[in-house]
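The values are calculated or read from the model by the stated rules, or taken from the named source; none is laboratory data. A quick note: this is a predicted structure, and the numbers were derived from the prediction, not measured. Counting neighbours? That spans all protein chains shown, and the Cβs are built from the backbone with ideal geometry, glycine included.
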Amino acid sequence: MHSQTYHDRGIIKWAPFDALIGYHSIIKELKYRLGKRNKPFLSDDQFEELNRNLMIAFTQNLEIEIEFFNEGYTKYTYGNIRKIDWINKVIILSNYERIPADYIIEIHLQ
């Protein structure tokens, strides 16, 4: 009997699964869609606290962490408030990031 040693082909053995065009992008899109959630409902007390923290951070030029909701996901960003656009209801941070006020879930003072 002739003994053969096993040689692992590594990633090559999974190559047929990658042969389907667009397979990975479809799976990625499906995972993205399944992860989406509805925007949390904020109570009047939470809106009041948001407004209070916003004004404290703006008047004292404090760094803040903003938790906001965008396209089905909760996201976070940091910075100082550069400007509050009352007409368009947008908060502009020191890095020029624009966060619509109705997207904001919570403001954490640093």
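Which of the residues that make up the stretch 93-110 are part of a strand (DSSP E or B) and over 16 Å from THR59 (Cβ atoms)?
Quick first cut of the stretch 93-110, residues part of a strand (DSSP E or B) only: 93, 98-100, 104-109.
Those that are part of a strand (DSSP E or B) and over 16 Å from THR59 (Cβ atoms): ARG98, ILE99, PRO100, ILE104, ILE105, GLU106, HIS108.
Among what's in the stretch 56-80 and is of a type outside the set (A, V, I, L, M, F, W, C) and outside any strand (DSSP E or B), pick the residue that is surrounded by the most Cβ atoms within 10 Å (Cβ to Cβ). Among those that are of a type outside the set (A, V, I, L, M, F, W, C) and outside any strand (DSSP E or B), it is GLY72. Among the numbered conditions (1) within 21 Å of ILE92 (Cβ to Cβ); (2) out of contact with any strand residue (DSSP E or B) (no Cβ under 7 Å at 6 or more places or on another chain); (3) of a type in the set (Asp, Glu), the only one that GLU67 does not meet is (2).
Whether any residue in the stretch 24-36 is assigned to a loop (DSSP other than H, G, I, E, B), modelled with pLDDT of 80 or more and not polar (S, T, N, Q) is what I want to check. For the stretch 24-36, residues assigned to a loop (DSSP other than H, G, I, E, B), modelled with pLDDT of 80 or more and not polar (S, T, N, Q): present.
For the stretch 37-55, name all the residues that are surrounded by 11 or more Cβ atoms within 10 Å (Cβ to Cβ) and not in a helix (DSSP H, G or I). Lay out the reasoning, then the answer.
First, pick out the residues of the stretch 37-55 that are surrounded by 11 or more Cβ atoms within 10 Å (Cβ to Cβ): 39-40, 42, 46-55.
Matches in the stretch 37-55: LYS39, PRO40, LEU42.
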